[in-house]
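The values are calculated or read from the model by the stated rules, or taken from the named source; none is laboratory data. Remember, it's a predicted structure, so these values are computed and weren't measured experimentally. Using ideal geometry, Cβ is built from the backbone for each residue, glycine included, and neighbour counts are taken over all protein chains shown.
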Amino acid sequence: MHMNIQLEIQPAFALAYLRMAAFRQGDVLRLYVRTGGPGTGGLFFALEKDEMLPGDAVYHVEGLTFVIRPGDFWYFDGGRLGYDERFGEYGFFFENPRLD
């Protein structure tokens, strides 16, 4: 059973990963929380190729499947992942007003 949390993943976010990274349509990418670096409150998102597991929140965007494990729901729930092409590889962003 897959879980649902409130998260917006903008199409530009997925398309930028297809252009800039070694990911291809059909790949499953796990989003998770890391400490340090830029982000919300000393935390930031990370992404790696993985597989879908029962209990994951699952999002299909522009041919990619993004999954989030239950332990990371608290960070992503209520958030938005996007990409601003003006900033190239630094244009990825995450915003979550619940964490402010």
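Overview of results
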{"read-out": "Those residues of region 23-44 which are basic (Lys, Arg) and either modelled with pLDDT under 85 or more than 16 Å from residue 76 (Cβ to Cβ) (or both), in sequence order", "value": "24"}
{"read-out": "Number of the condition not met by residue 23 [criteria: (1) in a helix (DSSP H, G or I); (2) buried (at least 17 other Cβ atoms within 10 Å of the Cβ)]", "value": "(1)"}
{"read-out": "Test for residue 75: is it over 18 Å from residue 99 (Cβ atoms) and either outside any strand (DSSP E or B) or in contact with a Leu (Cβ under 7 Å, 6 or more places away or on another chain) (or both)", "value": "no"}
